[in-house]
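Undergrad: Questions regarding the structure given below will be posed in turn.
The values are calculated or read from the model by the stated rules, or taken from the named source; none is laboratory data. Just so we're clear, the structure is a prediction, and the values are computed from it rather than from any experiment. Ideal geometry is used to build each Cβ from the backbone, glycine not excepted, and the neighbour counts take in all protein chains shown.
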Amino acid sequence: MRVESPPTAWSPTVTARRRPPTRLLVLATAAAAVLPVLPALPAAADDAAPRGETVVGELVQAWPEPASPGAAVRHADEGPLSWIETAPGEAVRVPTDDVDHLPVGATVEVVVGEPVADRTPAAAALEPAVEVLAADVVAAAPAAPRVAAADGVTNAVTVVMVLPPGSAPDATSLADLVSAVDGPVADFWARQSDGALRLRVTGSSGWLPTSAGCDSPYALWNEAAARVGWRGGPGQHLLVHLPSTAGGCSAGLAEVGSSISSGGRLYVRGTATSVLAHELGHNFGLGHASQLQCDGAVETGACRVAGYADWYDVMGVSWDQLGSLGAPHAARLGLLPPGAVPTVSAAAPAGQFLLSPLGARTGSRAVRLLDGDGDEYWLEYRSATGQDSWLGTAANRRRLESGVVLRLARDGNDTSLLLDATPSRTALWAGDVAVALPAGGAPVSFGDARFTVRVLEATGSGARIQVETGQAGPVSAPPGTGGTGGTGGIGGTGSTYFLNDRFTGVANRVFHYGGPADDVLVGDWNGDGVDTLTVRRGNTFHVREQNTSGAADHVFAYGDPGDAVLVGDWDGDGRDTLAVRRGNRYFVTNSVRTGAADVVITYGDPGDVVLVGDWDGDGADSLTVRRGAYYHVKNGLSTGVADSTFGYGEPQDTVLVGRWGAGQRGDTLAVRRGAVYHLRFSLTSGVADLQAAYGDPADTAFSGDWDADGVDTLGVRRPG
């Protein structure tokens, strides 16, 4: 296999990166301090289509959300379920893998095949999905325009109380529901948006019987809409209330939009402010606020995503306190004032900043740290002020800390990850609620750019922090120019790939695979001499054995979702397989299937940048440690010291690995600078033997043998 290595320190992939779609169903519970649950959607919700039929409709997706924190952690890396909504209340379910190259919210035309079995437990109660044999986009997803306030309202809510078959009214009155929306829910979003979001109930109806039930949420919503004359559109929300006596219903179900003006439909089974505000947050385009926990580290090593476990943010667990909207979510909605958020780049000099309490709504509300690979970290100060006043009272029954907290903005189901700045070992995770940065100047480091943050002082009026950048190794590559540290990953975003069989500068193979935010690996998985792509989602790998658009040829699991993964032909049999990296230990498997490691070795230091290649031409891949512009080559897959060391390029260069000519004995390096590649034909210091231009500077580049001629050439991954 042939990989690109930007000069970055290793950091594990903890969750698939997916951009929130235009339409996305999210299910949630209404009880205090509980998590969303998955409603049963039997056959009535999905209309089976016969083999060979062409189905045209909107591509929508639903995230199945477990009912307990433990289950949320176990299934945090599972992807969404997908449907083609062909008409109001009618949908055909399809495997997400078959349509993940299509834009969610677009109108698509698909040809369906036989029913297929799902791999996720959440799909067990659903009508079987039908495979997609062919797919095309008919019309792009419409953009949601900004909505001007009319009569002081930007977001109009129509409230309808409905009685599905077999249910009876409960004690909730229409006045209760309207008061909850117009009162604390509207007040919360008005404060969090500094008046930009102004919610009001503009239409309402008491109990109405419906023929549709929760087994067909689209039919239920559309029947309620028809009964009261509601028409969807920008800034228009339909809130359906279900009684506690309704069987087979979730406590909440909400469409996720693309912006605060998207509008959308939702249903709830209560009037709790936290649940109503949370579900409307999905309509505005937010995913969930979860927590990243790592074994004694901020974001490296053995990690897990604890779903919904950010108790400070309304988009986390629904409980009896509503904290301020976290900075990543406020930024996602465009609700942070331009002068309120200083930004620190990976190459910036050290500096000090004064953070105002986030609940005060004044001053510097957050500091944004932009890492070299495009990741956004956010620092904010939580104290008992304004919306966060409960932190200093007995109402803070979770004993959450006041202090500076650190978050990572993400795409996908978890659009904000709270990082633990004082991490505990794995065995103590369940009881560890202390996440704030330590006061008194103790350093906390994170990110590829080695951001180091110190809290110098913290008072009721603000916190003074110092931010430094720098690392022992080289600086990260600019966004879009790097890979994943020489492990076999491609990095970047986008689902379109441009391959070139020669160094001509023009792609001769263009195709789509996976989703725009997927983690992607490259390797020769079947031993035919051609490198192809594999999509990684958690610890599940979706292998494609041709460089063409289509579904995965086979799927397997290996390691843990938080592991760093390398790709290589470790035993010289012509097939690439995986190795899990945990610090400076490598757990190697020689087959593309689920199972235990075949070999375990130790090499280098835990923070080293590692490349993979066949350095001595014996047909088997091994490791090289990169430290700055020097490379420490190990020719065998064994513990020990380097067999040779050489220098090439500059510390800040991005590096590719490959066999660039038929006369080369083994793999060598290429330095990338912008869109020009400087190829060296031997593992020695010196000038480039060949220069080639390809793609655009913003592309993510990688290398591989695309035509089985024994020579590696270039490929790029491009957004859009």
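One line per residue, one yes/no per condition, for (1) under 23 Å from ALA708 (Cβ atoms); (2) of a type in the set (A, V, I, L, M); (3) outside the structural domain of GLY296 (by TED's automatic domain parsing); (4) not in a loop (DSSP other than H, G, I, E, B):
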residue: GLY604; (1), (2), (3), (4): no, no, yes, no
residue: ASP618; (1), (2), (3), (4): yes, no, yes, no
residue: VAL625; (1), (2), (3), (4): no, yes, yes, yes
residue: VAL641; (1), (2), (3), (4): no, yes, yes, no
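Undergrad: Give me the pairs: first residue in the range 497-511 and assigned by TED's automatic domain parsing to the domain that holds ALA692 and part of a loop (DSSP other than H, G, I, E, B), second residue of a type in the set (Phe, Trp, Tyr) and surrounded by 14 or more Cβ atoms within 10 Å (Cβ to Cβ), beta-carbon distance under 8 Å, and six or more apart or on different chains, which are they?
TA: ASN500/TYR694; ASN500/TRP706; ASP501/TRP706; PHE503/TYR694; GLY505/TYR694; ALA507/PHE498
Undergrad: Consider the range 97-107. How many of its residues are closer than 20 Å to PRO128 by Cβ and either over 18 Å from the mean Cα position of the chain (by Cα) or surrounded by fewer than 19 Cβ atoms within 10 Å (Cβ to Cβ) (or both)?
TA: Total meeting the criteria: 1.
Undergrad: Sort through LEU566, LEU637 and tell me the only one that's buried (at least 17 other Cβ atoms within 10 Å of the Cβ), aliphatic (A, V, I, L, M) and in contact with a Gly (Cβ under 8 Å, 6 or more places away or on another chain). Talk me through it step by step, then tell me what you get.
TA: Values: LEU637 fails: in contact with a Gly (Cβ under 8 Å, 6 or more places away or on another chain).
Exactly one residue qualifies, and that residue is LEU566.
Undergrad: Just to be sure, is ALA180 modelled with pLDDT of 95 or more and either of a type in the set (A, V, I, L, M) or crowded, with 20+ Cβ neighbours inside 10 Å (or both)?
TA: Numbers: modelled with pLDDT of 95 or more: yes; either of a type in the set (A, V, I, L, M) or crowded, with 20+ Cβ neighbours inside 10 Å (or both): yes.
Criteria met by ALA180.
Undergrad: Counting only residues that are within 30 Å of GLY257 (Cα to Cα) and of a type in the set (D, E, K, R), give me the strands (runs of 3 or more DSSP E) lying completely in the range 351-461 with at least 2 of them.
TA: On the way: elements: 351-355, 367-370, 376-382, 403-409, 414-419, 444-446, 451-459.
Counting at least 2 such residues, we get 376-382.
Undergrad: Looking at ALA620, ALA675, ALA629, which one is over 20 Å from TYR603 (Cβ atoms), among the small types (Gly, Ala, Ser) and surrounded by 17 or more Cβ atoms within 10 Å (Cβ to Cβ)? Explain how you work it out, then say what you get.
TA: Values: ALA620 fails: over 20 Å from TYR603 (Cβ atoms); ALA629 fails: over 20 Å from TYR603 (Cβ atoms).
Answer to the check: ALA675.
Undergrad: Still on this structure, I have one more. Tell me which residues, restricted to the range 324-333, are crowded, with 24+ Cβ neighbours inside 10 Å and part of a loop (DSSP other than H, G, I, E, B).
TA: SER324, LEU325, GLY326
Undergrad: Residues that are within 22 Å of the chain's Cα centre (by Cα), over 27 Å from GLY559 (Cα atoms), crowded, with 22+ Cβ neighbours inside 10 Å and at pLDDT 65 or above: does the range 108-130 have at least one? Lay out the reasoning, then the answer.
TA: First, pick out the residues of the range 108-130 that are within 22 Å of the chain's Cα centre (by Cα): 118-123.
The next check asks that each one be over 27 Å from GLY559 (Cα atoms); those that pass are none.
No; the residues of the range 108-130 include none that is within 22 Å of the chain's Cα centre (by Cα), over 27 Å from GLY559 (Cα atoms), crowded, with 22+ Cβ neighbours inside 10 Å and at pLDDT 65 or above.
To keep it simple, each residue is scored yes or no on (1) surrounded by fewer than 23 Cβ atoms within 10 Å (Cβ to Cβ); (2) touching a helix residue (DSSP H, G or I) at 6+ places or on another chain (Cβ under 9 Å).
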position	(1), (2)
GLY505	yes, no
ASN508	yes, no
ASP528	yes, no
THR534	no, no
GLU545	yes, no
SER549	yes, no
VAL555	yes, yes
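Undergrad: Follow-up. If I filter the range 198-224 down to residues being in contact with a strand residue (DSSP E or B) (Cβ under 6 Å, 6 or more places away or on another chain), modelled with pLDDT of 90 or more and outside any strand (DSSP E or B), which single residue comes out as surrounded by the fewest Cβ atoms within 10 Å (Cβ to Cβ)? Talk me through it step by step, then tell me what you get.
TA: Within the range 198-224, the first condition is being in contact with a strand residue (DSSP E or B) (Cβ under 6 Å, 6 or more places away or on another chain), and the residues that meet it are 198-210, 217, 221, 224.
Next, from what is left, pick out any that are modelled with pLDDT of 90 or more: 198-210, 224.
Going one step further and asking which of them are outside any strand (DSSP E or B), we end up with 198, 210, 224.
Details: ARG198: 18, THR210: 21, ALA224: 24.
Looking at the filtered set, the residue picked out is ARG198.
Undergrad: Scanning the range 556-578 for residues that are in a strand (DSSP E or B) and either modelled with pLDDT under 90 or assigned by TED's automatic domain parsing to the domain that holds VAL305 (or both), which turns out farthest from THR602 (Cα to Cα)? Write out each step before concluding.
TA: Step one: filter the range 556-578 for residues in a strand (DSSP E or B), giving 556-557, 564-568, 577-578.
Going one step further and asking which of them are either modelled with pLDDT under 90 or assigned by TED's automatic domain parsing to the domain that holds VAL305 (or both), we end up with 556-557, 564-565.
On the way: PHE556: 25, ALA557: 23, ALA564: 15, VAL565: 15 Å.
Filtering first and then ranking leaves PHE556.
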